[in-house]
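Accompanying notes for the structure given below.
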Amino acid sequence: MRFERRFTKDGQSPYDGLIFRQAVSEIRNPDGTIVFQMNAVDVPAAWSQVATDIIAQKYFRKAGIPAVLKPVEENGVPSWLWRRVADEEALKALPKDKRYGAETSARQVFDRMAGAWTYWGWKGGYFHAEDDARVFYDEMRLMLARQMAAPNSPQCSIPVCIGPMESMAPARAIFISTPKPKRWCALKVLMSIPSPMPASSKACLMISSMKAASWIYGRGKPGFSNMVPGPDRIFPIFAAKKNRFRAAANLQV
């Protein structure tokens with residue numbers, strides 16, 4: 001795909017020209033006691049208090065963000081889009097309580113989301129050239145900052161990367177669709193602060209046919225799955241569209 005700049009300029013930060021302010025976000029009980037409070041929340045000045053509260057309370061990552069990152073070189077990926085991981089050596093030089101922290105700026109959230117989308121778009125071969133990927137990355141960040149567009153809610157908290165960043169949690173299997181060739185495949189990834197998780201970047205998994213992938217089995221009636229796994233780590237997946245394949249599916253991870 002090709003992309004053209006509409007709101008950003010080549011070589012400039014998408015945040016240039018935007019004014020940001022330091023805000024306070026808090027939740028109080030009816031009796032006045034504070035349930036949640038965050039000071040110095042960096043948000044666009046034009047944002048309302050409601051918007052500020054939502055991003056601070058719901059979508060800032062509250063812990064596990066390394067204070068120092070380093071890029072991971074990856075052949076075929078532009079250097080500005082390389083994954084970033086915690087720089088363990090640099091972190092050792094910091095006091096333990098300063099090595100990891102929370103997101104405090106809306107810009108971190110915008111960079112994280114747009115970075116994940118751009119990274120996986122590049123890996124999937126969706127961009128015609130590197131310039132198109134860069135334009136997409138910049139334009140998406142500006143549109144998020146100006147509230148011109150907003151993704152489905154899980155996008156704000158699950159796509160975890162600027163770059164993206166890998167995480168320290170145990171690996172697990174997820175499934176992604178690959179365009180070259182077109183197929184479903186298992187992928188071992190790190191549950192992250194933040195790791196790019198293409199499957200988890202969606203709120204729903206759409207499957208039109210029980211023949212869509214060899215790893216789907218089971219039976220049942222068409223319906224909707226809330227994707228809550230059972231004790232055996234089986235996810236019930238039901239056809240979202242009625243068709244001749246009147247079977248539900250189970251996905252084990």
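Some values worked out for this structure:
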quantity	calculated
Extreme residue, nearest to Glu26 (Cα to Cα), among residues of the stretch 51-104 that are acidic (Asp, Glu) and not in a loop (DSSP other than H, G, I, E, B)	Asp53
Output for the stretch 14-50, where each listed residue is in contact (Cβ under 8 Å) with a residue 60 or more places away in the chain and assigned to a loop (DSSP other than H, G, I, E, B)	Pro14, Tyr15, Leu18, Ala46, Trp47
Hey, Ala149 modelled with pLDDT of 95 or more and aliphatic (A, V, I, L, M) or not	no
Checking Leu81 against (1) farther than 30 Å from Glu130 by Cα; (2) in contact with a Ser or Thr (Cβ under 8 Å, 6 or more places away or on another chain), the condition it does not meet	(1)
Qualifying positions in the stretch 36-62 - of a type in the set (Ser, Thr, Tyr) and within 15 Å of Arg107 (Cα to Cα)	Thr52, Tyr59
Conditions (1) of a type outside the set (A, V, I, L, M); (2) surrounded by fewer than 20 Cβ atoms within 10 Å (Cβ to Cβ); (3) under 18 Å from the mean Cα position of the chain (by Cα); number of the one not met by Arg83	(2)
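The values are calculated or read from the model by the stated rules, or taken from the named source; none is laboratory data. Here the structure is a predicted model, which means the values were calculated and not measured. Virtual Cβ from ideal backbone geometry, glycine too; neighbours counted across all protein chains shown.
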